[in-house]
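Beneath this line is the structure, given in structure tokens, with notes to follow.
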Amino acid sequence: MTLHSTVQLAFDGSSIDGSLFTSVTGIAKSTRWLNGPLDWWTNTGLGVFAVLMVIGFWNARRRDNLAMTRALAAPVAVVFAFAVAEVIKKAVAEVRPCYSVPHAYFVDPCPVRSDYAFPSGHTTTAFATVAALWLLDRRLAVVTAAFAVFESFTRVYLGDHYPHDVVGAAVIAVPVAYLASRVLSRFATPLVGRLRGGGLLQPVLTAAPRGAHAAGRSRPADPVRAETARPDAGGPDTYRADAARFDAPPGDPGRAERRPTDPAL
């Protein structure tokens, strides 16, 4: 098969939402001052999703084994979702908008024809992270979702993808990453539990609960016990004898009266 015939078989997505695509790229044309920052963000911003997964992992160190397993499974689920999206991309073979709608405004240069558009790889990564973190920490997942929506917008704004490319990527990424994380959590939790129980990885996978050390340092001492704990105080038997003297009924010759300065008052 020649290169020419391969190009002819490639899918043209402009018939789906080409008008919406040109409307968004028209915004890019009228906001040229924003082209540079969003072009920088669309690739650099992927690092934000890695940071959010690290935050989820760090918080999971103080949680149970299931939470830690889901934190470790998150990046694996994202990579798996991206791989599935790449297989679909090769199967659909939708050419980039710059070939189908050449009159539109484009910020990024046109890639080679074999770099297909559907589904968006950036958007797949973003929404796969949302799905994986949803199982771990829903508040963190909501923050991630906001970044994912913005990342998706930049892909259309720059002219790299049609709107259906980013929507389709989200539809593919969310269930794939969610199911992958669930399966990994089910089978890997016992192993993670053993790793957290001892060995070289224990300090990495576990952390003391917040305030545990501080609580131990700030615990008030019992003044009576502290007094009887001195080497010259006579030990526990003396403590019990002293307590009995204070608790004896009134009139008992062995009863000791508490002084105003007695710490037990």
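The values are calculated or read from the model by the stated rules, or taken from the named source; none is laboratory data. Keep in mind that this is a model prediction, so the values were computed, not measured. Positions of Cβ are generated from backbone atoms using ideal geometry, with glycine treated the same way; all protein chains shown enter the neighbour counts. Each accessible area value is taken on the protein alone, full model and side chains, heavy atoms only, with ligands, DNA and RNA left out. Shrake-Rupley method; radii C 1.70, N 1.55, O 1.52, S 1.80 Å.
If DNA, RNA and ligands are ignored and the probe is 1.4 Å, what is the ranking of MET68, MET53 by accessible area, most exposed first?
MET53, MET68
For region 40-47, take each phi angle, set θ = phi - 60°, evaluate the Karplus expression 6.51 cos²θ - 1.76 cosθ + 1.60, and give the result in whole Hz per residue in order, putting x for glycine and proline.
Values per residue, Gly and Pro as x: 5, 5, 4, 9, 5, x, 4, x Hz.
Can you give the accessible area per residue of region 57-195, in Å², using a 1.4 Å probe?
Working: 6140 Å² over 139 residues.
For region 57-195, the solvent-accessible area averages 44 Å² per residue.
For ALA83, what charge total do you get from the other residues with a beta carbon under 12 Å from its beta carbon, if Lys and Arg give +1 and Asp and Glu give -1?
+1
Under the 0.36 nm per residue contour assumption, what length would be gained going from the current alpha-carbon distance of TYR99 and VAL142 to full extension?
Length difference between fully extended and current span is 11.9 nm.
Report, by chain and number, residues whose modeled amide H sits under 5 Å from the one on GLU94, excluding near sequence neighbours (fewer than 5 apart, same chain).
PHE11, ALA117, PHE118
Taking R0 as 25 Å, what FRET efficiency do you get between VAL87 and VAL112 from their Cβ-Cβ distance, rounded to the nearest 0.05?
Efficiency computed from Cβ-Cβ geometry: 0.85.
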